[in-house]
Structures are given as structure tokens and as C-alpha cells.
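Quick notes on the structure that follows.
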Amino acid sequence: MRYLVINMNPVIQKTLVYRNIKFGEVNRTADYRIDAAGKGADVARVLSQLGEEATLLTHTGGRNADFFLELCSNDGIKVLSVNSGSEIRTCTTLIETDSRRTTEMVEEASPVTPGTERSFIHKYLAAMERYDMIIISGKKAAGYSDEIVPALVAAAKEKDKTVFLDVRNHDLINSLEFQPDFVKPNMQEFCGTFFEEFKIEETADVMQIPFQVVDKISSLQEKYRTKFIITWGKHGAFSVDNGHITNYPVEKIEPLNTTGCGDAFTAGFAFVWLREFNIEKACNFANECAAKNALILKPGVIR
């Protein structure tokens, strides 16, 4: 199977490991790594580790462009890119081994230059037809319009491609009218997108999903014929069908680095879906991929 993974916010990810971090003091470590990342790179990397043909479509620019492409090449990630004229951001993950705590230090992306969006769409349209599934993943950098993600979805559905979205807010809301096949926000992203003030506690019981969430998912699925898969951290994932909740629990583990777990889930789901067309099997395998990712220091991998 062939997958085109779209991401408009590439990252160079630095991962630093400490036993514990003492804030306000000097913390030194010799245990660290640097990887190509961002949600799209993570998804493409896991798909390639599953033996699939996955291509990342993104933008590159600035002093780190060649370094990012080199890191992708080292991981076997095929890349199509346009020149954004903007620096690729660097984000930092702090790992504390004593507490098994992961902290993300995120840089906001520099705005892409005018003309980047036009070049991106042109490259997308030229490449799209040879792929079986289009995966659009992650927050886009500043400089792209709110029209680009819906336009990518619309173009893919016109060609009867399977479309999987891992986006939120306006990118998600504005894309639904074009009926993507699957949408996979996490629980916090879903609530933040569709409820102005409603928040859910991370520690809540998975079988006590608020009725507002179930009703909203049901109404969106009925209106747009799009299947929602909601991931929820240690609770795994769940879907809703005619008001009935199906939970897909995840194995209980002691995680090392949770960065990229959602992307490993996306890759695992896509891998199984194009073969089995079975949501239960796809979600269960996706959870296995997410759990494997959490046990490895490198983000966005299953081995």
C-alpha cells in the first residue's frame, strides 16, 4: 500500500534524558538524541518500519533544511518538499527516568513565505493520484491559509482516496463538509475544537465519557459520514456508533518517551485499515504501535 503523509510544520526534535530535573539549577546530560520529527515525519517513519511505501510531503527552508532532509534519509523517510523560505523549528523533549515524566518544550514555527501554499498545493496535486491513502497530520505553520487543509481533503475525495485526518480546530471543522473517511483527534483536542468551555479531566474513567462528547460525535458522524476515532492517553481509544461506545484499551506499561505515540497510532491504524477494513482490528493494532513507541527513547518509532 502507498501512503502520502501531509505535514506543514516540520520539526527537528532534540530529546534530553535526566534522572530528574532540578528547575532553577544547571542540569547536565550525556544521554540525548536529535531526530527528524513533527507529526507527519513520525507517521511516515512508523509506516516505513511496517514495510509500507510512505512519502512525507512537507516544506523545508533555512539553515536546517539540509539537516532535516538528512535525518529523514537516515530513517528511510521519503520526502517531497517545497521551499518555505522559513527556518525549521527545533523542539525539545525532556525525559525524567525516575518519574517516567515527559515534558515537551515547543517552539512555534516561523511563518512560511508568500507563494509557499501555492507551491505546496501544486506538488500535492501532482503526487496525490499514485497513493492509496492521504494522511493529513498536525498543526500547520503560520503563513498557510485556513483554506489549504479543506482544499487538500476535497481534492483527495474527488479522486476517491481514503483520507485520514489528525488535525484540530478550524482545519478539522472546515474539512468535514468534504467527508474525510477518518478523523483522529485526542480527547483534549476534540473537546477544544467542538466545545468552547467544556474540559475533561485526563484522569477520568474511560467508561464515563460525558454525554456531551458522545452526542457531538454521533451528530458529526451522521451529518458528514465521517468516522471519529478518539485517542485518550492511558485509556487507549474509543469510537461511537449510534450512541454506543466501543473502547479499545491499551496495554499498561511504564513509558519512557510518549512523544509520537499518537502518530504511531495513526500509522498502525492506516496500515491495518487498508488491508482489513475493520475498525476494531485497526484500533487494537494502532494501540500496540503506540505502546511500542512509548517504550523507546526515539520519537515516532516502533523498533
Return the lysines within reach of Lys281: Cα separation strictly under 25 angstrom, same-chain partners fewer than 8 residues apart disregarded; answer none if there are no such residues. Lys39, Lys157, Lys161, Lys184, Lys216, Lys227, Lys234, Lys252, Lys292
Karplus (6.51, -1.76, 1.60) ³J(HN,Hα), θ = phi - 60°, over the stretch 292-303, in Hz, Gly and Pro reported as x: 4, 4, 5, 8, 10, 5, 5, x, x, 9, 10, 7
Using only DSSP helix segments of four residues or longer, with each worth -39500 (n - 2.57), what per-residue ellipticity at 222 nm results for the chain after dividing by its residue count and rounding to 500? -10500 deg cm²/dmol
Just Ser48, Ser110, Ser239 to compare: in a GNM of the chain, with alpha carbon springs under 10 Å, which one fluctuates most? Ser110
Starting at the first residue of the stretch 208-222, write each ³J(HN,Hα) from the Karplus equation 6.51 cos²θ - 1.76 cosθ + 1.60 with θ = phi - 60°, in whole Hz, x for Gly and Pro. 10, 5, x, 4, 4, 5, 4, 5, 5, 4, 4, 5, 5, 5, 5
Anyone know which of Thr102, Thr258, Thr266 comes out most mobile in the 10 Å Cα GNM of the chain? Thr102
The chain, dipole about Cα centre (Lys/Arg Cβ +1, Asp/Glu Cβ -1), debye to the nearest 20: 560 debye
Of Val43, Val26, Val82, the one that fluctuates the most in a GNM where the chain has Cα springs shorter than 10 Å: Val26
Karplus-derived 3J(HN,Hα), 6.51/-1.76/1.60, for each residue of the stretch 154-170, Hz, glycine and proline x: 4, 5, 5, 5, 4, 9, 6, 7, 6, 10, 10, 10, 10, 9, 8, 6, 5
Amide H of Ser84 versus every other amide H placed in the peptide plane: which residues, excluding those fewer than 5 positions away on the same chain, fall under 5 Å? Thr60, Gly61
Skipping prolines and chain starts, which residues have an amide H placed within reach, meaning under 5 Å, of the one on Val79, given they are 5 or more residues away or on another chain? Leu56
Which residues qualify? For Tyr144, with a placed amide H closer than 5 Å and at least 5 residues away or on another chain, they are Val112
DSSP loop chymotrypsin sites (Phe, Trp or Tyr not before Pro) in the stretch 231-303 with at most 12 other Cβ atoms within 10 Å of their Cβ, which ones? Phe277
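FYI, it's all coordinate maths here, none of it is from the lab. Quantities reported herein were computed from a predicted structural model and do not represent experimental measurements. With ideal geometry, Cβ positions are generated from the backbone for all residues, glycine too; neighbour counts draw on all protein chains shown.
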